[in-house]
Structure formats: structure tokens, C-alpha cells
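Q: Mind having a look at this structure? Questions to follow.
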Amino acid sequence: MDLKDYIRSIPDYPKKGILFRDITTLIKDENAFSHCIDLIVEKSKNFNFNKIAAIESRGFVFASAVSYLIKKPLIMLRKKNKLPAETYSIDFELEYGKATIEVHKDSIGKNDNILIIDDLIATGGTAEAAAKLVKISNGNTSGFIFVINLFDLGGNDNLKKQNYRVESLIEFPGH
């Protein structure tokens with residue numbers, strides 16, 4: 001099964017000149033979604049980790065299914081002011097502007113090894129911010145698994161240059 005066949009491409013969304021890669025068409029197909037999760041689980045075997053972190057919001061869809069199947073705790077990396085307890089925060093640059101993500105201070109213990117899962121990597125700003133959250137929480141980033149890598153936007157390569165292990169299931173050009 002080629003997962004690329006289940007990704008819808010939407011031109012000029014969210015702004016003119018962007019070709020948006022929509023994962024909703026993948027997750028609404030039970031066979032494609034199951035296959036996708038199975039591939040992530042298989043790739044996760046190449047990482048040393050004891051917890052999974054998911055990046056809001058589409059990362060939650062994939063990471064929660066993986067967490068359930070492999071019986072590892074799930075940590076939610078959320079947008080600003082969405083978590084009720086004390087948090088660590090990181091501000092970062094997005095392709096379309098600025099953002100902040102947070103994690104509960106009690107989610108990651110000293111020397112926890114964290115596998116970060118998200119739906120897509122473009123420029124890598126959100127992924128880098130996620131790794132910084134893990135670091136200020138005294139954890140270690142074991143690596144990243146993305147469903148989609150927009151290879152020509154450089155995020156994947158940037159993470160690798162910082163010595164992070166990165167895996168993706170599908171490759172598309174960006175924009």
C-alpha cells in the first residue's frame with residue numbers, strides 16, 4: 001500500500017502558493033490508517049525510548065495509536081495556554097508566523113528518552129521547539145518519526161545536522 005495515494009493535496013491553502021498535504025484522507029480510510037500506524041510502530045523499534053511525545057494537534061492522532069499499541073506513556077506538546085498545570089514553554093518561528101508550545105513540568109522525568117511523533121515536517125521549527133522542551137524538562141530526544149517529510153523545505157535535514165535521528169513514511173516536495 002502506497003500511503004501517498006491517501007494524502008490529498010490542496011493548492012493555495014492556507015495561503016496562496018502553498019500546496020497543503022492533507023492527512024484527513026489517510027486517517028478516514030481504516031486500512032490506510034492502520035497501515036500507517038503499523039509502519040510507525042515498526043520504525044519505532046529502531047529508537048531507544050521510554051515515552052512518546054506528540055505535537056499538537058495532528059501528531060496526537062498518530063502518536064496516541066502508537067502509544068496504545070506499544071504500551072508507552074504519551075506526552076502532549078500543546079499550544080500555549082492549553083495545559084492546566086505548570087508548564088515549560090518554547091517560542092519558535094513557523095513557516096507562517098510565530099507560535100508557542102508547552103509541556104507539563106511533570107510529564108518528562110530526568111533522563112527520560114522521548115520519541116517525538118508528528119504528522120509532517122516542513123521547515124522543522126515546531127520539531128526543534130519540541131526537542132528544546134524535552135531538553136528543558138531534563139529528558140533526551142531519542143528522535144522523530146513523521147508521517148510526511150516535505151523534503152525540499154529542509155526541516156528533516158536540519159534535524160539530522162543537529163544529530164537527531166529522523167524517520168519519515170512519505171516524501172513530498174514542499175510548496
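Q: On the given criteria, is F20 touching a strand residue (DSSP E or B) at 6+ places or on another chain (Cβ under 6 Å) and under 19 Å from N149 (Cβ atoms)?
A: Details: touching a strand residue (DSSP E or B) at 6+ places or on another chain (Cβ under 6 Å): yes; under 19 Å from N149 (Cβ atoms): yes.
Judged against the criteria, F20 is a match.
Q: OK, next. Quick one: is Y88 more than 22 Å from N140 (Cα to Cα), in contact (Cβ under 8 Å) with a residue 12 or more places away in the chain, surrounded by 13 or more Cβ atoms within 10 Å (Cβ to Cβ) and aromatic (F, W, Y)?
A: no
Q: Oh, and also: I'd like to check which strands (runs of 3 or more DSSP E) are fully inside the stretch 1-73 and have at least 3 residues that are of a type in the set (A, V, I, L, M) and either at pLDDT 95 or above or exposed (fewer than 15 other Cβ atoms within 10 Å of the Cβ) (or both).
A: Numbers: elements: 8-11, 19-22, 51-55.
So the answer is 51-55.
Q: Same structure again: Which pairs turn up if I take residues in the stretch 115-138 that are within 17 Å of K79 (Cβ to Cβ) and look for partners that are among the acidic types (D, E) and assigned to a helix (DSSP H, G or I) with beta carbon separation below 9 Å, at least 6 apart in sequence or on another chain?
A: Note: no pairs meet the criteria.
Q: Condition check: modelled with pLDDT of 95 or more, outside any loop (DSSP other than H, G, I, E, B), among the hydroxyl-bearing types (S, T, Y) and closer than 18 Å to F144 by Cα. Does S89 satisfy that?
A: On the way: modelled with pLDDT of 95 or more: yes; outside any loop (DSSP other than H, G, I, E, B): yes; among the hydroxyl-bearing types (S, T, Y): yes; closer than 18 Å to F144 by Cα: no.
No: the conditions fail for S89.
Q: Only one of K98, K135, K110, K105 is more than 27 Å from Y68 (Cβ to Cβ) and surrounded by fewer than 21 Cβ atoms within 10 Å (Cβ to Cβ); which?
A: The conditions single out K98.
Q: Report yes if L83 is over 16 Å from the mean Cα position of the chain (by Cα), farther than 20 Å from G155 by Cα and in a helix (DSSP H, G or I), otherwise no. Break it down stepwise before answering.
A: Details: over 16 Å from the mean Cα position of the chain (by Cα): yes; farther than 20 Å from G155 by Cα: yes; in a helix (DSSP H, G or I): no.
When the stated conditions are applied, L83 does not pass them.
Q: Right, something else. Among the residues of the stretch 73-93, is there at least one that is acidic (D, E) and out of contact with any Asp or Glu (no Cβ under 8 Å at 6 or more places or on another chain)?
A: yes
The values are calculated or read from the model by the stated rules, or taken from the named source; none is laboratory data. Computed from a prediction, not measured in an experiment: that's the story for all the values here. Counting neighbours? That spans all protein chains shown, and the Cβs are built from the backbone with ideal geometry, glycine included.
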